[in-house]
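Undergrad: Can you read through this structure? Questions will come right after.
The values are calculated or read from the model by the stated rules, or taken from the named source; none is laboratory data. Because the structure is a prediction, the values reported are computed rather than measured. Methodologically, a virtual Cβ is constructed for each residue, glycine included, from the backbone with ideal geometry; neighbour enumeration extends over all protein chains shown. Accessible surface is based on the protein model in full, side chains and every heavy atom, while ligands, DNA and RNA are left aside. Shrake-Rupley method; radii C 1.70, N 1.55, O 1.52, S 1.80 Å.
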Amino acid sequence: MKGAWVSRLAGSAAGLANGLFGGGGGMVFLPIQSRWGKLSQRRLYATCVGVIFPVCLVSAAVYVWRGGVSLTEALPYLAGGLAGGWLGGKLYGRISTKFLKWLFAAFLFYAGVKYLL
């Protein structure tokens with residue numbers, strides 16, 4: 001039962017972060033599930049993507065509905081995002097989890113510094 005509550009908490013925190021900040025739900029979900037979840041590192045990264053995708057769809061739908069998104073401004077980023085997502089998915093099993101952890105930490109650090117400045 002404890003695992004179910006951790007999962008609900010991680011999903012709720014990811015959805016809240018995604019809705020408030022327009023993204024970043026994975027930055028909340030991954031550390032919570034990594035600390036208290038029962039998934040292996042490989043399954044954790046894949047599960048994070050599986051959770052964040054529908055969370056992003058819901059957040060995007062709310063933003064579109066409230067008039068906060070210009071689809072013409074967002075469209076040019078979509079092709080690059082889809083290509084990057086495809087490439088990341090293809091490379092997923094070929095990169096060590098240790099490197100992925102360091103890379104993820106580097107992105108978190110960079111984002112934190114960027115937002116403070």
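Undergrad: What single numbered condition from (1) under 17 Å from Gly26 (Cβ atoms); (2) modelled with pLDDT of 85 or more; (3) surrounded by 13 or more Cβ atoms within 10 Å (Cβ to Cβ) fails to hold for Val64?
TA: Single failed check for Val64: (1).
Undergrad: Just for the stretch 31-48: of the residues that are surrounded by fewer than 18 Cβ atoms within 10 Å (Cβ to Cβ) and touching a residue at least 40 places away in the same chain (Cβ under 8 Å), which one is nearest to Leu78 (Cα to Cα)?
TA: Ala46
Undergrad: Then there is this: Given Val28, Val58, Val64, Val69, which one is in contact (Cβ under 8 Å) with a residue 24 or more places away in the chain, in contact with a helix residue (DSSP H, G or I) (Cβ under 9 Å, 6 or more places away or on another chain) and among the β-branched types (Val, Ile, Thr)?
TA: From the options Val28, Val58, Val64, Val69, the qualifying one is Val58.
Undergrad: Out of (1) at pLDDT 85 or above; (2) closer than 26 Å to Leu16 by Cβ, what's the single condition that is false for Phe99?
TA: Going through (1) at pLDDT 85 or above; (2) closer than 26 Å to Leu16 by Cβ one by one, Phe99 breaks only (2).
Undergrad: For the stretch 70-116, how many residues meet the condition of being open to solvent by less than 100 Å² (accessible area, probe 1.4 Å) and either on the phi > 0 side of the Ramachandran plot or part of a helix (DSSP H, G or I) (or both)?
TA: Looking only at that region, the number is 25.
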